[in-house]
Amino acid sequence: MTVDIGNRLRYLRIRNNLSQRQLAKRVGVTNSTISLIESNASNPSVGALKRILDGIPIGLAEFFAFEPDKPNKAFYRADELTEIGKGGLSYRQIGDNLFGRSLQMLKECYQPGADTGKVLLTHEGEEGGIVLSGRLEVTVDNERQILGPGDAYYFESRRPHRFRCVGPVPCEVISACTPPSF
């Protein structure tokens, strides 16, 4: 039997209203460490996992014993989307519990000038999106494109990437990634 440590940790973190950054700060690790574990790109040692779980708090035995409910809900109203972004970035996720799911869908909104950070993102999986409004600068490896309404992107997420709103109006995007990475 294999245990999906990453999704289990993500489920508990979200259930306890903690961002990756908040949990990382509580336990003295980088938020990229939490991100790598949650995306199953890194397997923590038992000691490291215990230290992270102490920040929730939950014990190792309880962590491995509980079985989160898999989501059964099929439809979501606009006000039921779960906000997981902050600042000038809004990421409204379909569903609050992605445990056992292999796809994450977001309605993203970037305020003018907002971006995902100077350090390019990398994680396992694939992601794609379609720009609904505004202009989005997308950097993947050494390629950079400015996308407008109707334009799209799709790439392997292990390629370093970054998103930035360019222009005077907010940019809205519908995106999907697999496996869930937030």
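The values are calculated or read from the model by the stated rules, or taken from the named source; none is laboratory data. Computed from a predicted model, the values in this text were never measured in an experiment. Neighbour counts run over all protein chains shown; Cβ positions are idealised from the backbone, glycine included. We work out accessible area using only protein heavy atoms, side chains counted, and drop any ligands, DNA or RNA first. Shrake-Rupley method; radii C 1.70, N 1.55, O 1.52, S 1.80 Å.
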Among the residues of the stretch 136-182, write down those that are basic (K, R) and surrounded by 18 or more Cβ atoms within 10 Å (Cβ to Cβ). R164
Enumeration of residues in the stretch 17-41 that are in a loop (DSSP other than H, G, I, E, B), among the polar types (S, T, N, Q) and at pLDDT below 85: S39, N40
Output for the stretch 49-100, where each listed residue is hydrophobic (A, V, I, L, M, F, W, C) and open to solvent by 30 Å² or more (accessible area, probe 1.4 Å): L60, A61, F64, A65, F66, A74, F75, A78, L81, I84, I94
Could you say which residue among I14, I58 is assigned to a loop (DSSP other than H, G, I, E, B) and at negative phi? I58
Can you give me the ranges of the strands (runs of 3 or more DSSP E) entirely in the stretch 67-158 with at least 3 residues that are at pLDDT 95 or above, at negative phi and touching an Asp or Glu at 6+ places or on another chain (Cβ under 8 Å)? 104-110, 126-133, 143-147, 152-156
Restricting to the stretch 21-60, and then to whatever is in contact (Cβ under 8 Å) with a residue 40 or more places away in the chain and polar (S, T, N, Q), can you tell me which residue is farthest from Y91 (Cα to Cα)? N40
I'd like to know if the stretch 76-90 contains one or more residues that are of a type in the set (F, W, Y) and touching a residue at least 60 places away in the same chain (Cβ under 8 Å). no
Go through the stretch 129-182 and give me each residue that's of a type in the set (V, I, T) and either farther than 23 Å from R101 by Cβ or in contact with a Phe, Trp or Tyr (Cβ under 7 Å, 6 or more places away or on another chain) (or both). V131, V138, T139, V140, I146, V166, V169
